[in-house]
Amino acid sequence: MEPLALYIHWPFCLSKCPYCDFNSHVRERVDQARWRGALLAELRREAARAGRRPLASIFFGGGTPSLMAPETAAALIEAAGALFDAPADLEVTLEANPTSVEAAKLRDFRAAGVNRISLGVQALDGEALRFLGRQHDAAQAIAALEAGRAIFPRISFDLIYARPGQPEAAWRAELRRALARAADHLSLYQLTIEPGTRFATLHARGEIVLPDGDEAARLYWATVEEAARFGLAPYEVSNYAQPGAESRHNLVYWRYGDYLGIGPGAHQRLMLDGALLAARRHRAPEEWLARVERDGHAVIEEEALAPQDRAREALLMGLRLAEGVDPARIEARSGLAFAATVDPAMLAACLDEGYLEWQGARLVATDEGRMRLDAMLPALLR
Ligand SMILES: C[S@@+](CC[C@H](N)C(=O)[O-])C[C@H]1O[C@@H](n2cnc3c(N)ncnc32)[C@H](O)[C@@H]1O
Ligand code: SF4
């Protein structure tokens, strides 16, 4: 059986960042013991359905899971280890914010079994950090990176670039400062305006202006170039790693493997008796908690995906990867012949334009193609 990835969502943050549309909420007080009990309950329920399987990874995401009590992470890691077959080097990642409160807890998370952290640095420039509404400054980010490196065998961090008015030279310098402190893995995201956020309001009023397409493309190439100097290659649209340091957890998503998602709003894809079941959980933290305490889970929707939807998802995810997709795998996961999943005329056009190419048996988006995935995929998929 294919190894399973386990995602655990912690939906709380110290404050809401103005660009963020993740399922994250600010609360005065969180009852850690109740949350621990409820997360464990959902985990046990899903494990009973999935059966005993090999486990590929655990990922604590958010929200800000570094605000979780380390005992909660420890209990969940231990339960997952008992419910599934976990390898000795199981990848266990925790997203952490670089405020001092959280940095002080890093050792406890390491003792709990976390062996990889993903730090939300976002910028190393004070003014940019204020613009992004972050709770930490550049010095705290550097301190957290250094503490993270001393404590964890693996560490990654996130930066947001293509910010309003960000000159290429300044971004290169900031990225170099970051890369010098890296990390065998980095997530480098271009700032996007998400509907319903404070930035969406400012953007609509013209108070935030993003770099245009050409400028964003220049910044992307600068990013690839700088990362390469430090031996980090873009193995996915926004993710850079040294060979072998790729996020095993995220690779399960992009290779369209099975994953469990517990906690508010978490998504799940699980193959059971030939049906690929897509489940979604209640997003609101209090409602999620009440439902789990009442019913043992907070799944609000579960459906068996049609073959065409499976193929579409597999292509959407897989073409983000530098390794591209293996049509035989898409056929196996979807039950559809590959030829039936894409529009043949569009495929020919994308190959012709140099946006896609065959590398042996694999279909791969070229560098040019990967920058245009959002425009290309809707037309390509049947
Ligand atoms: C779930 S969030 C991060 C977790 C953690 N709470 C933090 O803020 O560091 C995952 C990452 O998505 C990125 N992100 C979120 N919203 C974004 C946006 N609108 N544009 C670009 N990147 C974004 C940020 O880099 C963020 O670290
Ligand atoms: S970016 Fe991170 S800290 Fe900020 S609101 Fe989103 S999840 Fe919370």
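The values are calculated or read from the model by the stated rules, or taken from the named source; none is laboratory data. Since we're looking at a predicted model, the values are computed, not measured. Using ideal geometry, Cβ is built from the backbone for each residue, glycine included, and neighbour counts are taken over all protein chains shown. Calculation scope for accessible area: heavy atoms of the full protein, side chains included, ligands and nucleic acids excluded. Shrake-Rupley method; radii C 1.70, N 1.55, O 1.52, S 1.80 Å.
Among beta bridges identified by DSSP and lying wholly in the chain, the antiparallel ones come to about 45 percent. Accessible surface calculations at 1.4 Å, restricted to protein heavy atoms, place the stretch 199-266 at 40 Å² per residue.
Computed per residue of the chain from DSSP H runs no shorter than four, each worth -39500 (n - 2.57), the mean residue ellipticity at 222 nm is -12500 deg cm²/dmol.
Just in the stretch 117-174: which GluC sites (Glu not before Pro) are loop by DSSP and have at most 14 other Cβ atoms within 10 Å? Of the GluC sites (Glu not before Pro), not one in the loops of the stretch 117-174 has a Cβ with at most 14 other Cβ atoms within 10 Å. Relative to one another, the C-alpha centroids of the stretch 146-223 and the stretch 6-24 are positioned 18 Å apart. One way to sum up the overall shape of the stretch 158-208 is the equivalent ellipsoid from its Cα gyration tensor, whose semi-axes run 26, 14, 6 Å, largest first.
In units of the compact-protein estimate 2.2 N^0.38 Å, the chain shows a Cα radius of gyration of 0.99.
Rounded to the nearest 0.05, what FRET efficiency do V101 and A348 give with R0 = 51 Å and r taken as the Cβ-Cβ distance? Could you check? Approximately 0.40, to the nearest 0.05. The share of accessible area on the chain that comes from carbon and sulfur is 52 percent, using a 1.4 angstrom probe.
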